[in-house]
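The values are calculated or read from the model by the stated rules, or taken from the named source; none is laboratory data. Computed from a prediction, not measured in an experiment: that's the story for all the values here. To get the accessible areas, we keep the full protein, side chains included, count just its heavy atoms, and leave off ligands, DNA and RNA. Shrake-Rupley method; radii C 1.70, N 1.55, O 1.52, S 1.80 Å.
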Amino acid sequence: ANFEQLLYWSEVGVDRTAFLGRLLSRLDERGWPNKPDSGWNRYDVEIYGSRWACLELLTATEFHSDGRQLLRCRLRAGWSFLSRALFLTTASTLLILIGALGKWWMWTLLLLLIPLAWWLNLTRHDLRRLIVHFLDERAKEFGLIRVER
């Protein structure tokens, strides 16, 4: 399933700002760190799942006839600042070590970056899965039905 964009259908319509308000209050109730948009960002809320991953949520409402609506939620998960710093520090340290020792076979040490990147990507995917479940719960509170594309 594609969890980069979720679609929720409403026969009676839903206020997007009320949905976001409920989402933010539930995040706060659960102690989930988040940063709502101040008006200048490309997302409605940024959610920090762990020190290794964060997710930007962007919502949009599509209006249809007879008051029906489609609520679109775009989820953009990525590495946190700490993840990027860890990856770049590890890569830099390995390159310095390779350069200092000057052995040709030491270039294979760069292969250590593969499991690190894999693990960081796994944390990103786990956060996205958690947020999808969280959004599904909030959608049910508003009587929204998730639509598969």
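Which value results when the Cα radius of gyration for the chain is divided by 2.2 N^0.38 Å?
Output field value: 1.37.
The angle between the Cα long axis of helix 81-101 and the longest principal axis of the Cα atoms of the chain comes to about 10 degrees, rounded to the nearest 10. If you roll a 1.4 Å probe over the stretch 34-115 with all protein chains in place, what percent of the accessible area is carbon or sulfur? After summing per-atom areas, the C and S share lands at 66 percent. Computed from Cα positions, the angle between helix 16-29 and the longest principal axis of the chain comes to roughly 50 degrees.
Residues in the stretch 36-46 carry Karplus couplings, in order, of x, 5, 8, x, 10, 8, 8, 9, 8, 8, 10 Hz; the curve used is 6.51 cos²θ - 1.76 cosθ + 1.60 with θ = phi - 60°, and Gly or Pro positions show x.
The mean accessible area for residues of the stretch 1-86, using a 1.4 Å probe and ignoring ligands and nucleic acids, is 56 Å² per residue.
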